[in-house]
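What follows is a short report on a single structure.
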Amino acid sequence: MSFLDRFIDGWRRYRRPGYYEKFDYAWTMSIDLDRCTGCQACVTACQAENNTPIVGEKELAKGREMQWIRIERYWEGEYPNAKLKFIPMLCQQCDAAPCETVCPVSATYHNQDGLNAQVYNRCIGTRSCAVYCPYEVRYFNYNNHHWDSPLEQQLNPDVTVREKGVMEKCTFCVQRIRQAKDHAKDDGRRRVKDGEVQPACVQTCPSEALAFGDRNDPGSKVSQKLSDPRAYHVLDELNTLPSVVYLKKVDADAG
Amino acid sequence: MSNVDRREFLKLVGAGGVGVGAGFMLAESAKHPLEHLIPYAVPPEEFSSGVATWYNSVCGMCPAGCGISVRTREGRAKKIEGNPSHPVSQGRLCALGQAGLQVLYNPDRLSSPLLLDGASGSFRPATWVEGVDKVAGALSSARNVVVLSRGIRGHLAQIFERFAGSLSSANLLQYDFAHEDALYVGNRESFGIDRLPYYDIANTRYLVSFGADYLNGWISPVHHSLGFGTSRQGGHDRGYFVQVEPRMSVSGASADRWVPANPGTEGLLALGIAQQIVAMGGYSGADRDAWTSTLAPYDIASVSQRTGVNDDIVRQIAEGFMHTRPGLAITGGAATRHVNGVNTAIAVNTLNYIAGNVGIEGGILFNPAAPLATTGEENRGAYESLANLVTHAENGSIDALLVYDTDPVFTMPADSGFREALEKIPFVASLSSFMDETTAMADVVLPSHTYLESWGDDVPEPGVGFSVGAVSQPVVAPLYNTQAVGDTLIAIAAHMGHSDAIPWASTEECIKDGWRQVHAQGGSGDFDAFWRSLLQAGVYGRNIRDTRAVSLDPTVVAGMDANEPTFSGNAATYPFTLHPYTSMRMHDGRGANLPWMLELPDAMTSVVYSSWVEINPVTAEELGVRQGDVVEISSEHGSVTAPVYVYPAIMPDVVAMPVGQGHSKLGRYAKNRGSNPLSIVAAQTDAKSGSLAWAATRVSVAPTGQRAKLVTMSGESRELGRNIVQTTGGAAGSAGHSAKLNSIPIKVEAV
């Protein structure tokens, strides 16, 4: 078998949905839209944890925001029956991720835990992945950002600060996942226990709308949420197989 | 090494040859290598390179008093999270609480004492000795001194009290713009209870909120959100939420039913619902007949006509509230900032009382006394006490003012004359950490530590239904040449020769002394072990509840003669009611200098950085304005300009503006950004509570012909059939855990 054949064979196996059954973890987030209040504590928690930059009003006006999780708002109806619905939107960590196949340098790839990972120092900034992402959750560093001193003292030493020309996005707080795995190993355990690791957004959510865990573990909180009749994937018809599961908002008056 | 980085070094090598470059490098690095490489020659005990240390403390970003756990690395604060043991936050935290780090590391924090240089009119840095000397000198010769601060809770209040007591004539005054004065007075008049009750949102099955944006900044948003989530999908019947308000708030968006009502008529609607419940036989107390006659004027036809709420809706809410038990009605925010604010609070208490929601789980529970001897609420003053201060200052009867961490120049309306009055006071000293609008008018600034650098303790307000106290401790060493506010007061008193007036050497001593008494009342083991475990836990609780039975006398309601709201400005010239609203991200304006809060999109409109005015789509069309058109909003007392945001869920004769922007000071991020609606509200008060009726001003709206780039973070505002946010029928619910209130593990005495 030539190198190319082996590569193609490996790639095919690797890309096959359901790969996670073979591995230890399949990290999953569930978002209960009936609980979500749109308060955005998750947004600031993410910024604090992941060193996402403060880009300034001018850059925001150009649509160059850098918040890895955002709240989308959709109005429905007109006054006095107007309604506003919130939905937190972040990288869906798709199992069949459209962003991965288009990267010319494999800067974005799928890791063993089912995470859609981004290698910052491999990224050459073609921005193809952002174009292909149907959820629009990839953020490009158009500038080198700086923090007015001494704001930089807050930066999380466990997370790198990205440079101009690099694409970035939600990692499910991979630094926290790694830490939890290390702790489990130190304790002589093979697996991380349910609830032992939480991304910053899940950790802070005041209405407990967000939950995080391993769907390979049938007893985990998210596994139970997956079997909820309200569970659905956003833009399911695209068959991206997201790792973020939403639970439908309940319309009490719909009967 | 400090002046040469790797790139610079390589440049030198390339340009001047290896010898020169390397020689220069060697000379640079030979100077003081150790100074640069090892910042801590003898590191503190808890300092371990690469290992995070967590401290429990209390959040100081708003008065809710959430418990926090702060992650520090190498002596620097990195992340704030909720303290899981603290019953208010239960491990959760809001966006503003997260942004506490940007208060600590704010580039515009005051870093040393400042003295006003009379000749140049600007501040110059000074030493603490100079600063304290100046303040002590001014206070010794002053006849009348006012000590004005934010609400101070816990034992720190004792230092303020003793400091004021040591001066010949001093008044203590605590003022917070967002304080719910009307609710306190309303509760006192209804039930004779001074503290706010616990609103048990987690266990309620039917919540009617009259204007209280309980999910976005109202008194204890994190705890209310926890309750909301539990009530929504918590293993029991899903709670039904109704929100009554003229402009849809975040809580309104999350409610099952949003009911627009004329501004200031929320109390009328509550009484109308109560009247319906009594008429339907939902109240069976002995004084039923008295209630029937008391509530008779609030029949459905008149209430519907005065509130603008369809009578079917009133009837449906009354039926839902009567039959779905337990129910809960709350009020606050703009609804209690009318001239009838206290009446609204009493009306909502009445509704709770008639429906039988007082003293039951899922309704209103009263808070028992705190474990701490002092809660410091005694010196709290409403807007009216600041208005009195203005009068006295203009008479020249106030010689000196000490101000700490409250910014009335920003939050008081221009109509109040506070700024002018401040100029008349001969000596003003500020102990605030930032150069806010009030501090900028001081003669001396003695900057205080931020809450992450100070000792303190707290009784959460509102409480959580049982007896709780919390302690806050410094999580990092002070960044600058600042001092804890208590220590500054102690130093000033000592300098004036009153060192015996304050018996403690430092704030820490005072706090520790206070907890020694708590320990003496019921702690086991020795105090040092108790103190250690207390600091580790961050919170202390006793399972004491207040189960007193209260009754509400119909005469309290019968005595509310004028329940109709009145407004400043006539309807012909000023056709719109101005609805200012507060939010979690800006609070009373303190969020405006935090970059994270500026970049956090507004929850409803997704606008970042600036301010805007919300106008109903139909009204906007009538006015001929589009989104982004700059309009002038004028009241009888001034005008501000703001770009239009066409808001689908606001009454046609109401315009809304967020509070918090429009600073002229407060640092580089806040300065000269947006406009402040509070500057144009009329200085009228609710007579019963003396609080500012900041939601009772009429305005006119006129296009200026200019346009502004309104930066919003939302893309398309409609789903366009993409079915992104899916909904399901009302019957759906899923299993989960039950309400958490009773099962909170609070570490008490065990080490």
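Overview of values
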| item | result |
| --- | --- |
| The lone exception for B:D500 - which of (1) closer than 20 Å to B:L431 by Cα; (2) assigned to a loop (DSSP other than H, G, I, E, B); (3) away from chain A (no Cβ under 14 Å) it fails | (1) |
| Residue in region A:203-212 that is at the interface with chain B (Cβ under 8 Å from one of its Cβ atoms), among the small types (G, A, S), touching a Cys at 6+ places or on another chain (Cβ under 7 Å) and closer than 15 Å to A:C36 by Cβ present | yes |
| Odd one out for B:V309, checked against (1) more than 23 Å from B:P554 (Cβ to Cβ); (2) open to solvent by 40 Å² or more (accessible area, probe 1.4 Å); (3) aliphatic (A, V, I, L, M) | (2) |
| Residue count, region B:577-635 (criterion: among the acidic types (D, E), more than 13 Å from chain A (Cβ to nearest Cβ) and over 28 Å from the mean Cα position of the chain (by Cα)) | 3 |
| Count of region B:200-242 residues which are of a type in the set (S, T, Y) and within 10 Å of another protein chain (Cβ to nearest Cβ) | 5 |
| Test for B:N570: is it closer than 30 Å to B:Q684 by Cβ, open to solvent by 30 Å² or more (accessible area, probe 1.4 Å) and either touching a residue at least 24 places away in the same chain (Cβ under 8 Å) or away from chain A (no Cβ under 14 Å) (or both) | yes |
| Residues within region A:180-207 that are more than 18 Å from the chain's Cα centre (by Cα) and of a type in the set (S, T, N, Q), tallied | 1 |
| Any hit, region B:92-108, residues being modelled with pLDDT of 95 or more and surrounded by fewer than 19 Cβ atoms within 10 Å (Cβ to Cβ) | yes |
| In region B:645-671, residue nearest to the other protein chains (Cβ to nearest Cβ) [restricted to those that are under 21 Å from B:A440 (Cα atoms) and in a strand (DSSP E or B)] | B:K671 |
| Restricting region A:62-113 to residues that are among the aliphatic types (A, V, I, L, M) and within 14 Å of chain B (Cβ to nearest Cβ), the residue that is nearest to the chain's Cα centre (by Cα) | A:L90 |
| Residues that are at pLDDT below 95 and in a helix (DSSP H, G or I), drawn from region A:106-135 | A:N121 |
| Subset tally (residues that are over 14 Å from B:P462 (Cβ atoms), β-branched (V, I, T) and assigned to a loop (DSSP other than H, G, I, E, B)) for region B:356-389 | 2 |
| Looking only at region B:62-91, and only at residues there that are among the hydrophobic types (A, V, I, L, M, F, W, C) and in contact with a strand residue (DSSP E or B) (Cβ under 9 Å, 6 or more places away or on another chain), the one that is surrounded by the fewest Cβ atoms within 10 Å (Cβ to Cβ) | B:A77 |
| Subset of region B:103-148 (residues that are within 14 Å of chain A (Cβ to nearest Cβ) and touching a Pro at 6+ places or on another chain (Cβ under 6 Å)) | B:Y105, B:L110 |
| Meets criteria (under 24 Å from B:V646 (Cα atoms), open to solvent by less than 70 Å² (accessible area, probe 1.4 Å) and within 14 Å of chain A (Cβ to nearest Cβ)) for B:R722 | no |
| Selected residue (criterion: surrounded by the most Cβ atoms within 10 Å (Cβ to Cβ)) from residues of region B:602-618 that are free of Cβ contacts under 8 Å to residues at least 60 places away in the same chain and not in a helix (DSSP H, G or I) | B:N616 |
| Residue match in region B:513-535 (condition: open to solvent by 10 Å² or more (accessible area, probe 1.4 Å), closer than 18 Å to B:L402 by Cα and not in a loop (DSSP other than H, G, I, E, B)) | no |
| Test for B:I490: is it in a helix (DSSP H, G or I) and under 30 Å from B:L422 (Cα atoms) | yes |
| Flag if A:A117 is small (G, A, S) and either out of contact with any strand residue (DSSP E or B) (no Cβ under 9 Å at 6 or more places or on another chain) or within 14 Å of chain B (Cβ to nearest Cβ) (or both) | no |
| Filter result for B:A693 (buried (at least 20 other Cβ atoms within 10 Å of the Cβ) and modelled with pLDDT of 60 or more) | yes |
| Some residue of region B:261-283 being closer than 24 Å to B:A656 by Cα and either within 10 Å of chain A (Cβ to nearest Cβ) or of a type in the set (D, E) (or both) | yes |
| Number of positions in region A:124-160 that are crowded, with 18+ Cβ neighbours inside 10 Å, under 18 Å from the mean Cα position of the chain (by Cα) and farther than 15 Å from A:P98 by Cα | 4 |
| Subset tally (residues that are among the acidic types (D, E) and crowded, with 24+ Cβ neighbours inside 10 Å) for region B:164-220 | 3 |
| Those residues of region B:696-719 which are modelled with pLDDT of 90 or more and within 7 Å of another protein chain (Cβ to nearest Cβ), in sequence order | B:V711 |
| Options B:E621, B:E599; residue that is open to solvent by less than 10 Å² (accessible area, probe 1.4 Å) and free of Cβ contacts under 8 Å to residues at least 40 places away in the same chain | B:E599 |
| All positions within region B:470-497 that are aliphatic (A, V, I, L, M), surrounded by fewer than 21 Cβ atoms within 10 Å (Cβ to Cβ) and within 14 Å of chain A (Cβ to nearest Cβ) | B:V476, B:A477, B:L479 |
| Helices (runs of 4 or more DSSP H) contained entirely in region A:161-255, each with at least 2 residues that are open to solvent by 40 Å² or more (accessible area, probe 1.4 Å) | A:174-186, A:221-226 |
| Failed criterion for B:E377 (all others in (1) open to solvent by 10 Å² or more (accessible area, probe 1.4 Å); (2) in contact with a Ser or Thr (Cβ under 9 Å, 6 or more places away or on another chain) hold) | (2) |
| Restricting region B:434-443 to residues that are open to solvent by 20 Å² or more (accessible area, probe 1.4 Å) and not in a strand (DSSP E or B), the residue that is nearest to B:D588 (Cα to Cα) | B:M435 |
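Quick grid of which residues meet (1) hydrophobic (A, V, I, L, M, F, W, C); (2) over 30 Å from B:R380 (Cβ atoms):
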residue: B:D108; (1), (2): no, no
residue: B:S120; (1), (2): no, yes
residue: B:F123; (1), (2): yes, yes
residue: B:A126; (1), (2): yes, yes
residue: B:E130; (1), (2): no, yes
residue: B:S141; (1), (2): no, no
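The values are calculated or read from the model by the stated rules, or taken from the named source; none is laboratory data. Everything numeric here is computed off the predicted structure, so don't read it as measured data. Methodologically, a virtual Cβ is constructed for each residue, glycine included, from the backbone with ideal geometry; neighbour enumeration extends over all protein chains shown. With ligands, DNA and RNA removed, areas are computed over all heavy atoms of the protein, side chains included. Shrake-Rupley method; radii C 1.70, N 1.55, O 1.52, S 1.80 Å.
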